[in-house]
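Undergrad: Pasting a structure here, questions to come.
None of the figures in this text is laboratory data; all of them are computed from the coordinates on show. All figures in this text were calculated on a predicted structure; none of them were measured in a lab. All Cβ positions, even for glycine, are placed from backbone atoms using ideal geometry, and neighbour counts span all protein chains on display.
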Amino acid sequence: MKVIKTPRHLLSIADLTPWDLNRIIELAQYLKRRYYSGERVLNVLKGYTIALLFEKPSTRTRVSMELAAVQLGMYPIVLTWSETQLGRGEPIKDTARVLSRYVDLIAARVYRHENLLELARYSSVPVVNMLSDKEHPLQAIADMLTILEVKGRLKGLKLVFVGDGRSNVAHSLIIAAAMLGINMVVASPPQLSPDKDVLDKAYEFANASGARIEVVDDPQKAVEEADVVYTDVWVSMGEEEIAEKKRQLLQGYTVTKDLLARAKHDVVFMHCLPARRGEEVTDEVIEGPQSIVWLQAENRLHAQKAVLLWLLQPKIP
Ligand code: CP
Ligand code: NVA
């Protein structure tokens, strides 16, 4: 029988301390180096199992999490919400208790963040957020790894997020930037400013790291001196009913070549993907020389291996 103890979850990026986040990024760099030196599989989590539960679509997270698990020697089980009994109304709390008795870790992508909290409350194994309407912590970790790889440092950089400031991706990014001493500006229409609780957390971390966190509504001014310009889709999964309203609000927030030209000469462009060309970003920018979106997507794999190790804490040879 499993020993029930309080597991460490990763539901928000703020579940990590800045120290943890730095260690995870370092570990990801180390794992990536080992991967490229030909060591594709490190069987440090051999015998461990993970359930990957998806309530909404995914390409990057689905593939990179499954491969991250396999490359660490784990056995992954991918579950689509609607194909489990959850789809027929079995309570989340019952599912959590049952899955915890089979697997060592549960990763879930959900519509409502509250459902993730419920899953974690009743799970006796770690629960990882693979995206909810509130946060996307795995994306932010991989993004920090990517920025470090490209810029050689994190502290003191200027990261500007243009668009929907209360998107899950923006939320996790703001907190991560604040934790690591990156100066972050969110340029969004006032109606789409980041949630207050997210900003409060970010200001708390920023006090300790020295980061400046600002929310403004003028993208033209915001991108001046930017080292990184980042955007996400205007209409997130689950927002189909308010799609038109969001598109109207976000007119003028497209990342174009002209907008990027206002930033530093060596600015890089980032996007969590999937992208909607012609909406939040032009084709020219995403396909252009400043775009690092493919590296960003690749780094999901390496960052997630580090997260799995951080959560399960095996000894690494
Ligand atoms: N960025 C990201 O999470 O992509 P997917 O929705 O394809 O997983
Ligand atoms: N904000 C987007 C991110 C996709 C990875 C969404 O939730 O659809």
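Undergrad: Tell me which lysines have Cα within less than 20 Å of Lys151's Cα, excluding those fewer than 8 residues away on the same chain?
TA: Result set, ordered by chain and number: Lys32, Lys264.
Undergrad: Moving to a separate point now. Quick one: what are the phi-derived ³J(HN,Hα) couplings along region 206-216, Karplus 6.51/-1.76/1.60 with θ = phi - 60°, whole Hz, x for glycine and proline?
TA: Result, rounded to whole Hz: 5, 4, 7, 8, x, 5, 9, 10, 10, 10, 9.
Undergrad: Rounded if a/c is under 1.5, else prolate if a/b is larger than b/c, else oblate: which is region 218-317, with a ≥ b ≥ c the root eigenvalues of its Cα gyration tensor?
TA: Working: a/c = 2.56, a/b = 1.49, b/c = 1.71.
It is oblate, given that a/c is not under 1.5 and a/b is not larger than b/c.
Undergrad: Pop the C-beta distance of Asp200 and Arg23 into the FRET formula with R0 = 30 Å and round what comes out to the nearest 0.05.
TA: The calculated FRET efficiency here is 0.75.
Undergrad: Can you sort Ser193, Ser123 by how many other beta carbons sit within 10 Å, fewest first?
TA: Ser193, Ser123
Undergrad: Right, another one. Note down the magnitude of the dipole of the chain about its Cα centre, charges +1 on Lys and Arg C-beta and -1 on Asp and Glu C-beta and zero elsewhere, to the nearest 20 debye.
TA: Approximately 1280 debye in magnitude.
Undergrad: Distance cut-off 28 Å, Cα to Cα: go down the list Lys56/Lys93; Lys196/Lys246; Lys196/Lys305; Lys56/Lys196 and report the pairs above it.
TA: Lys196/Lys305
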